[in-house]
Each structure stands twice: as C-alpha cells, then as structure tokens.
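Reading through the structure tokens given below for one structure.
What follows is calculated from the coordinates using simple rules that are stated; it is not laboratory data. Not measured: the values here are computed from a predicted model. Positions of Cβ are generated from backbone atoms using ideal geometry, with glycine treated the same way; all protein chains shown enter the neighbour counts.
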Amino acid sequence: MTDSRRALMPDYLRLAALFGIVVVNVQYMAFSSLHGFADPGGATPADAVTLWLVNGVATLKTYGLFSFMFGVGLGFLMRSTERRELAFGRVYRNRMLGLLALGFVHGCLFFPGDILVIYAVTGAALYRFRTWPAVRLVRVGMALLLVQVVIAPPILLSIPDAPADMIALEREIMTRGGFPEVIVFRAIGFAFTLPAFLIIQGISALGWFCLGLAAVKSGMIDNAAHPLWRRARRWCLGPGLVLSLGTAAAWQWGPTVAGAALTIAVAPVATLGYLGLIAAIARPPGPILSRALAAGGSSLTIYLGQSILLSTIFAGYGLGLWGALDRATATGIALAVTVVLIALVAVWRMFFALGPFEWVLRRITYAGQENA
C-alpha cells in the first residue's frame, strides 16, 4: 500500500503525464513527422478528429505536467541531500549529466522528440534558482511561460513542409529500412530539431520547473487540499479545456496558423487546470491503483520504454506498421503499451526499489558519494 503520510499528488501527476505524453508522441512515431507545424495532418476525417482531440486535450499540456514534476523533483532532491548530508551541487550536476547521456541515446536511437536533453540543459539553469523563495519562483515561472507563448508560434510556424522527395525517403526508411538506416535517419532528425526545441520547449520547461520547485518550497505539493489547487481547478480547468479544444479545432479545420498559435497560447491555462484536477483526485488509493502509482514513480523507465516499444512496433525493422494504421488505432496501441509497461514495472517494483533506468540514473547521480 502507498504510505498515506507521503505526498500523493506527485504519484498521480506522473501517472497522468505518462498517458498524456504518449498519445502525443505516437503521432510522430507512427506517422510522418516532416510536415510543418502549421499543417496539423490527418488524411481522413477520423484521423482529423483524433488529432483534434490529441491537440486539444494533450499537446503541450502534458509536457507542462512533466516539466512541473521535474521542478518538484529538484525540491525533493534538495530535501534528500540535506537530510543525508551530501553535496547537492555535485549530486545535481551528475544527475543532469546522466539525463543528458540518456537523452542523446534516446533521441538518436528511438525518438527524435526526446525531452531529456532539453531537461538536462534547462535544468542547469534551474540550479541557479534553487535558493529563491517560492513567490519569486512563481513570478519568474509565469513570466517564462508568457515568453514562450510569444516566441514559440512564429518559430514553429516558420518551419516549412519538407519537400516531396524527403517525405518519400522518410517513408522508404521507416517502412523498409533496417535498424542502422532508421538510426541514422532519427539521429539526423534529432540534430536538426534539437536547437529550435531547446529554445521553444526549453523556455516553457524552465517556467514549469520554477513552478514545481515553488510548489515544494511552499508546501503545496504536500497538501492536495491547498486552496490554490481549488482555484486552479475552478478557474482554469473548464475554460482551459474549452479554449484548447476550440483553438485545436481552428488548427485542424480553420485558419491553421492562427489556430496553432492560439493552441500554444492557451496550453498553460489547461495545464494549471489539470494540476488542480489531479490534486482533487490525489487520495489514498486501493491495492491495484497503489501498484500503478508505484510503477508511475518509475516514470523514466516507462517514458523510455514507450519509445523503445512503439518505435519497434511501427518501424520497418519491427512490425512495420508505420503509416499503415489510422491515428485512432495507433493512439490506442500507444495507450495499451503504456498500460502493459505500468503492469510490468509494477511487478518489477515488487522485487526492486527502483525501475531499471532509475537505477542507472541513480548510479550516475550519486557516483563518488558516500552513503548513496
């Protein structure tokens, strides 16, 4: 059973974010990722509806949840190192280096949309903010989210569609290429997209990092009944979802440039609403949910496992389903893979304290530290 004395909200947050992020990522694993951001895709009406729901409910919102949890993790790491009398600077540096290494391997081998490298780079900036009071962190975090709203749309919307021969090459490699050819293609894509996303997603991530760290410093993350969570639920959840679905509809069927820009702009509102909703349901779980929440604590293993399994399912060196399914089916497969991974990790955690990739990251994080 989950210890009722520990904060439950982070466990629920991780689990929700894992389901949200996979439905977004699979749209770029199972289908072409070369169309410009202003082109929402969707070859059939059913595909268009699926993309509308994914963009309206999950795109950019669950990324915010993951980033918020990164900031929370920094706060928890500070508590842990202080309690164990370890050098926080050294521990944190090692952790960022570990994330950087895992991210580069992940981005080149399995999914060019990796977020770990971005987290490692922007996480280095967060270290400078670690001593700030919660109020200052909130102000800076909100300011960074506003900056991202301003700069992201023109950058993303300026990315043109790939030429027809490049799209044909992508299809050839992803449907018929072996593992080496696919790796080269993914690595090149990762190298080309990383600089832009370091700016666009990095600013947003740092903003959510600050808010997550502020939640730890203020005690909000330990108190799911805090009044601010109720206000986020009341003022952001309903309006944020309505706005997100409306702007995603414009992106899909209306003026795509304006719709995409507005979808980016309203995403933080919906994310704040999600945080309030998760706080409302963060209650002591029953036996089955307790196991699932424990597995969600190994979110790094599940996140990387999603990419490893889904990239194999859709690539030509695996089951070869790239571009062969409708988007609803591909999204269903992604959700099913996540459920399976959670079940497997839940069994793993019955015998081991950490997930496999958490163990690797921990070994890197505490390298050279006594009592680790």
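What shape does segment 98-159 have by the C-alpha gyration tensor, where a ≥ b ≥ c are the square roots of the eigenvalues, rounded means a/c under 1.5, and otherwise prolate means a/b greater than b/c and oblate the rest?
Judged from the Cα gyration tensor, segment 98-159 comes out oblate (a/c at least 1.5, b/c at or above a/b).
Would you mind telling me which residue in Ala295, Ala225, Ala215 has the biggest mean-square fluctuation in a Gaussian network model of the chain, where springs connect alpha carbons within a distance under 10 angstrom?
Taking springs between Cα atoms under 10 Å, the residue moving most is Ala225.
Calculate, for Ser32 and Trp253, the FRET efficiency according to 1/(1 + (r/R0)^6) with r their C-beta to C-beta distance and R0 22 Å; round to the nearest 0.05.
With a Förster radius of 22 Å, E is 0.65.
Ignoring everything except DSSP H segments at least 4 long, calculate the 222 nm mean residue ellipticity for the chain; use -39,500 (n - 2.57) per segment, divide by total residues, nearest 500.
That comes out to -25000 deg cm²/dmol.
How far, in degrees from 0 to 90, does helix 134-157 lean away from the longest principal axis of the Cα atoms of the chain, to the nearest 10?
Roughly 10 degrees, rounded to the nearest 10.
Note down the nm distance, to one decimal, between modelled labels 7 Å out along Cα→Cβ at Phe192 and at Arg83.
About 4.7 nm separates the two model spin labels.
Counting other beta carbons within 10 Å of each residue's own, what order do Glu181, Glu172 fall into, fewest first?
Glu172, Glu181
Full-extension gain between Ser290 and Ile199, please, as 0.36 nm times their residue separation minus the C-alpha to C-alpha distance.
Answer, rounded to one decimal: 29.0 nm.
Kindly express, to the nearest 10 degrees and within the range 0 to 90, the angle between helix 116-127's C-alpha long axis and the longest C-alpha principal axis of the chain.
Approximately 40 degrees, to the nearest 10.
Between the alpha-carbon centers of segment 251-279 and segment 292-355, tell me the distance in whole angstrom.
Using only Cα atoms to place each centre, the spacing works out to 26 Å.
On C-alpha positions alone, give me the angle between the axis of helix 9-29 and the longest principal axis of the chain, in degrees, nearest 10.
Taking Cα atoms only, the helix is inclined about 20 degrees.
Pull out the extension gain between Arg363 and Glu172, defined as 0.36 nm times the separation in residues minus the alpha carbon to alpha carbon distance; nm, one decimal.
64.8 nm
Assign one of three labels to segment 233-372, namely rounded, prolate or oblate, based on the Cα gyration tensor with a ≥ b ≥ c the square roots of its eigenvalues; rounded applies when a/c is under 1.5, prolate when it is not and a/b is larger than b/c, and oblate otherwise.
It comes out oblate by the Cα gyration axes.
Which FRET efficiency value, to the nearest 0.05, do you get for Ala336 and Ile183 by plugging their Cβ-Cβ distance into 1/(1 + (r/R0)^6) with R0 = 35 Å?
0.85
Once you've got the GNM for the chain with C-alpha springs shorter than 10 Å, pick whichever of Val117, Val340, Val269 has the biggest mean-square fluctuation.
Ranking Val117, Val340, Val269 by mean-square fluctuation puts Val340 first.
Between Val347 and Ala43, how high is the FRET efficiency from 1/(1 + (r/R0)^6) when r is the Cβ-Cβ distance and R₀ = 51 Å? Nearest 0.05.
0.85
Taking square-rooted eigenvalues a ≥ b ≥ c of the alpha carbon gyration tensor, is segment 152-223 rounded, prolate or oblate, where a/c under 1.5 means rounded and, failing that, a/b exceeding b/c means prolate?
Taking the square roots of the gyration eigenvalues as a ≥ b ≥ c, segment 152-223 is prolate.
Determine, for Ile264, Ile155, Ile200, Ile183, the number of other Cβ atoms within 10 Å of each Cβ, and report the residues in order from fewest to most.
Ile155, Ile183, Ile200, Ile264
Considering the chain as a Gaussian network with a 10 Å cut-off on Cα pairs, which listed residue, Gly113, Gly296, Gly246, attains the greatest mean-square fluctuation?
The residue that fluctuates most here is Gly246.
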